[in-house]
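Please treat every number below as a calculation from the coordinates, not as lab data. The model shown is predicted, which means the values in this text are computed figures rather than measured ones. Heads up, the Cβs are rebuilt from the backbone with ideal geometry, glycines too, and the neighbour counts pull from every protein chain shown.
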Amino acid sequence: MTYEASAVVRTGVLDGGSVRGLATGTTLEYLLATGSLEEAGADAWRSPAEVRELAEVRVLAPLRRPPSVRDGLCFLDHLRGCYRALGRDTDLPEVWSRSPAFYFANADAIVGPYDDVPISPGSTMFDLELEVGAVIGRGGRDLHPDRAEEHIVGFTLYNDWTARDHQVVDMAQGIGMAKSKDGAITLGPTLVTADELEPFRRDGRLELTASVNGVELTRGELARMDWTFGELLAYVSRGADLTPGAVIGSGTVPGGCLLEHVDTPDPGDFTGWLQPGDVVSLAGTGLGETRQVVTPAAAAIPLRSVAARSGT
């Protein structure tokens with residue numbers, strides 16, 4: 001995990017209600033890039049630089065600036081749920097069965113598991129998304145789907161905050177996700193190593209939940225991914241390098257966003273979009289829990305249109 005105490009940021013190992021910290025300047029990004037995570041973990045247990053009570057520290061995102069972030073769409077029922085809420089045909093085009101979709105996300109927008117999250121400027125349709133992020137430990141290229149998961153060092157909860165009204169513009173422009181996904185990505189509270197999480201995944205007991213103001217929005221299982229992490233990583237690495245520390249999102253657990261719960265013909269009339277003061281929590285078996293307060297948006301500085309500048 002990554003935490004701040006006495007104005008110093010450290011990487012450490014969570015030990016129940018306490019944190020065993022490594023030397024100042026040791027980041028999780030560095031440990032992954034140098035292949036020294038396991039050794040550092042042993043050092044934290046054997047001879048920590050400090051030991052603090054968890055309640056005394058500020059928990060940050062485990063990876064504050066990963067080298068890259070990609071977000072997949074591996075739960076196809078999430079897409080069907082969005083289509084259903086929007087009154088669209090839920091029979092997905094055949095292209096969705098050929099390969100897992102993904103897009104590049106904003107690695108500079110990472111926030112911690114208990115940080116406040118402002119609504120994206122200009123948005124009135126702000127949403128959450130319940131996901132799991134896989135973190136690459138060993139780099140690779142052209143990975144085989146049967147062995148690609150061997151490159152995952154661990155997992156973390158991932159909230160893909162989304163401005164749905166901005167997404168309408170992104171989709172109309174047709175070159176991919178942009179301002180709709182630019183505001184914030186939550187990672188945390190810790191990086192849970194693959195071996196620690198494996199018993200829950202193997203037994204199908206990795207349950208994921210999202211709630212708003214204490215009311216459960218959805219409950220699902222990681223095992224219900226249509227595209228596995230191995231298949232997603234194989235596709236992502238096809239002709240491309242995956243580097244240590246890269247984060248790959250699972251895509252949204254079905255029902256794990258407000259868009260799937262829209263109950264009005266015009267999504268803009270839906271009263272459930274996130275508002276300042278709302279408290280959003282994600283939780284996962286073995287992964288912990290996030291808890292974040294939504295805050296007001298900054299004012300959106302207007303732009304002149306190209307048409308206005310040309311006088312048309």
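Some points to look at:
- Radius 12 Å from Cβ of Glu231, net charge of other residues (Lys, Arg +1; Asp, Glu -1): 0
- Taken over the chain, the ratio of Cα radius of gyration to 2.2 N^0.38 Å equals 1.02.
- Packing rank of 298-306, 2-10, 152-160, where each peptide gets the mean count of other beta carbons within 10 Å, highest leading: 152-160, 2-10, 298-306
- Relative contact order (%) - the chain, alpha-carbon pairs under 8 angstrom, separation at least six: 24
- Between region 12-41 and region 122-192, the Cα center-to-center distance that results, in Å: 24
- Proximal charge balance of Asp160 [Cβ under 13 Å; K/R count +1, D/E count -1]: -2
- Top of Leu63, Leu128, Leu31 by mean-square fluctuation, Gaussian network on the chain, Cα under 10 Å: Leu31
- Figure legend: label point modelled 7 angstrom from the Cα of Asp203 along Cα→Cβ; residues of region 221-237 with amide N under 19 Å from it are 221-224.
- GNM result for the chain, Cα springs below 10 Å: residue of Gly16, Gly81, Gly188 fluctuating most strongly: Gly16
- Result for the chain in a Gaussian network model with C-alpha springs under 10 Å: among Val57, Val215, Val95, the largest mean-square fluctuation is at Val95.
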